[in-house]
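Below is one structure, written out as structure tokens; comments come after it.
The values are calculated or read from the model by the stated rules, or taken from the named source; none is laboratory data. Predicted model, so just to flag it, every value in this text is computed and none were measured. Note that each Cβ is placed from the backbone with ideal geometry, even for glycine, and that neighbours are counted across all protein chains shown.
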Amino acid sequence: MHITQKEEIPVTYEVDIVVVGGGAAGVGAALKAAQSGRSVLVIEQMNCLGGIATAGWHGHICCYDSWGNRSERVVGGTCYDLADKIVKDGYGTYNGLSFDFEIERLKFTIETMAQDIGNIKILYYTQFSDVVVENSVIQYVIIQNKGGRQAIKTQIVIDATGDADVAARAGAPYEKGRPQDGALQPMTLMFQMGGVDYDRFSKFCREDYFVKYNVSQSNGQEEVFKDAQRNGDMEPFQSHTMGWWWCASRPDQMGANFTHIVGKDPTVAEDLTYATIEGRRQAYQSVSVFNKYLPGLENAWLSHTGALIGTRESRRIKGVYYITVDDLLHEREFDNSIGYGSFFIDIHNCTGPGMDTETFRPHKGFKYQIPYDALIPRNVENLLVAGRCISCDHIALGSLRVMPQCFLEGDAAGTAAAMAIKTGKPVRSINVADLQNKLREYGAIISRDDIVKQAVE
């Protein structure tokens, strides 16, 4: 059954660039577009910027360096600027290949940076609804909030939703999941605990675990969770710890990337609801297991679950260029590179606990370039896509989806959008060499020469 409802939608804003989604990609896009002198409106459904890093309660970002080579930084721009500022201010730490931070401070820092730049209007508690497209050009973005349905007139749209919501509504081609069956990587609801004895827990992970279970290497405390499952204290939603993190300024608090909800589609509201409820149930069960089985966590308690559930995979656009896993594994270089990724190919089991067999553990110094054309949908003239929904295959997404890559894609999209407006050219026709030079001004690391230069400096 369908209903027909006629309505007049007021045009409440007219801006140069609309950024839909305020996660890592959206933050990079908004800041760089505004730094380039354009007026920007950010549409965000939550009450903060940062996406999974903040609303999702994921107080950890990795990695900034060529995999396993801590002397070779390959990520610059907004991601590095944020990390460096928070560490210098005393609210975060660099831990090997990662950056751990106080989540509330990251929210504040992003907002402060946006306010300092100016030209950025943020609308929280606002949902993207639709687009008005004429002759393959988005004329208006339709939003919904407490003020009702509204239209935004804009020149260029940046889809930083993570789910390619704008691209899908605009008619751009996309795909979902792995090619053989469309199955998606699982969702995870992050959580944080208080009451952690850091010293005892750290000693157990570094030393005591290996003695207790007579093993030579750890797979994220796998043997502990086998014990818990054998004893009936834990269901097999996870086989090992995906990640622990804590900030040195808050050693009694620890975050956990542990829950696993399989078989659900993040673009379906009913599935998102189920996954969030199930994730919270798993979080409580997890803390009970930690209390019983992990030294230093006997008195730990659940302090937060994410307001935003972590999504690893949903829609991916089919862009002008389609990144494949071979591009990553062969560390293919592109003339239109916008930066580097270096995270391993992290595929979570689509149908059960743990990691997928496709998971790739890279060699020291692993890094690959990301081409600008992967951000450009094939049939919408004034749309750029940044974040985990860029044009790539299912396996390549395992590395491309993580936050440093999302930040740098946002940096590139925001800068490119500003250039397109200034030159009067479609986003796919801008001078990429000019884009690369502008990104370098913003601290991006584009090429091997840039890696050498920043290492020397």
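With a requirement of 3 or more residues that are touching a Lys or Arg at 6+ places or on another chain (Cβ under 7 Å), the helices (runs of 4 or more DSSP H) lying completely within the stretch 373-443 that satisfy it span 403-423.
Could you say which residue among Gln139, Gln185 is in the same structural domain as Gly22 (by TED's automatic domain parsing) and either modelled with pLDDT of 95 or more or among the charged types (D, E, K, R) (or both)?
Values: Gln185 fails: in the same structural domain as Gly22 (by TED's automatic domain parsing).
Being in the same structural domain as Gly22 (by TED's automatic domain parsing) and either modelled with pLDDT of 95 or more or among the charged types (D, E, K, R) (or both) holds for just one of Gln139, Gln185, which is Gln139.
Within the stretch 326-357, restricting attention to residues that are among the β-branched types (Val, Ile, Thr) and under 19 Å from the mean Cα position of the chain (by Cα), the residue that is farthest from Glu235 (Cα to Cα) is Ile338.
In the stretch 313-325, the residues that are under 21 Å from Ser342 (Cβ atoms) and in the same structural domain as Arg378 (by TED's automatic domain parsing) reach residues that are among the hydroxyl-bearing types (Ser, Thr, Tyr) and crowded, with 24+ Cβ neighbours inside 10 Å with C-beta atoms within less than 6 angstrom, at least six apart or across chains, in these pairs: Tyr322/Ser391.
Of all residues in the stretch 265-300 being outside any helix (DSSP H, G or I) and over 27 Å from the mean Cα position of the chain (by Cα), which is nearest to Ser129 (Cα to Cα)?
Step one: of the stretch 265-300, the residues outside any helix (DSSP H, G or I) are 265-268, 294-300.
From the residues that got through so far, the ones that are over 27 Å from the mean Cα position of the chain (by Cα) too are 294-300.
Details: Leu294: 46, Pro295: 48, Gly296: 47, Leu297: 44, Glu298: 46, Asn299: 45, Ala300: 41 Å.
It comes out as Ala300.
For beta carbons closer than 6 Å, sequence separation of 6+ or different chains, a first residue in the stretch 403-425 that is crowded, with 24+ Cβ neighbours inside 10 Å and a second that is part of a helix (DSSP H, G or I) and among the charged types (D, E, K, R), the qualifying pairs are Asp411/Lys32; Gly414/Lys32; Thr415/Lys32; Thr415/Lys438.
Of all residues being of a type in the set (Lys, Arg) and at pLDDT 85 or above in the stretch 342-383, which is nearest to Val132 (Cα to Cα)? Just the residue, please. Before the answer, list the steps.
Filtering the stretch 342-383 for residues of a type in the set (Lys, Arg) gives 361, 364, 367, 378.
Now drop any that are not at pLDDT 85 or above, which leaves 367, 378.
Numbers: Lys367: 39, Arg378: 17 Å.
Selected residue: Arg378.
Would you confirm whether or not the stretch 256-264 contains a residue that is at pLDDT below 95 and not in a loop (DSSP other than H, G, I, E, B)? Within the stretch 256-264, one or more residues are at pLDDT below 95 and not in a loop (DSSP other than H, G, I, E, B). Does Phe225 qualify as being part of a helix (DSSP H, G or I), touching a residue at least 24 places away in the same chain (Cβ under 8 Å), touching a strand residue (DSSP E or B) at 6+ places or on another chain (Cβ under 8 Å) and not assigned by TED's automatic domain parsing to the domain that holds Leu400? Criteria not met by Phe225.
In the stretch 224-255, what count of residues is obtained for those that are in contact with a Pro (Cβ under 7 Å, 6 or more places away or on another chain), modelled with pLDDT under 90 and not hydrophobic (A, V, I, L, M, F, W, C)? Lay out the reasoning, then the answer.
To start, the set of residues in the stretch 224-255 that are in contact with a Pro (Cβ under 7 Å, 6 or more places away or on another chain) comprises 229, 236-239.
Still in the running and modelled with pLDDT under 90: 236-239.
Filter again for not hydrophobic (A, V, I, L, M, F, W, C), leaving 236, 238-239.
Of the residues in that region, 3 qualify.
Looking at Ala151, Ala172, Ala168, which is the one that is among the hydrophobic types (A, V, I, L, M, F, W, C) and part of a loop (DSSP other than H, G, I, E, B)?
Working: Ala151 fails: part of a loop (DSSP other than H, G, I, E, B); Ala168 fails: part of a loop (DSSP other than H, G, I, E, B).
Going through Ala151, Ala172, Ala168 in turn, just one is among the hydrophobic types (A, V, I, L, M, F, W, C) and part of a loop (DSSP other than H, G, I, E, B): Ala172.
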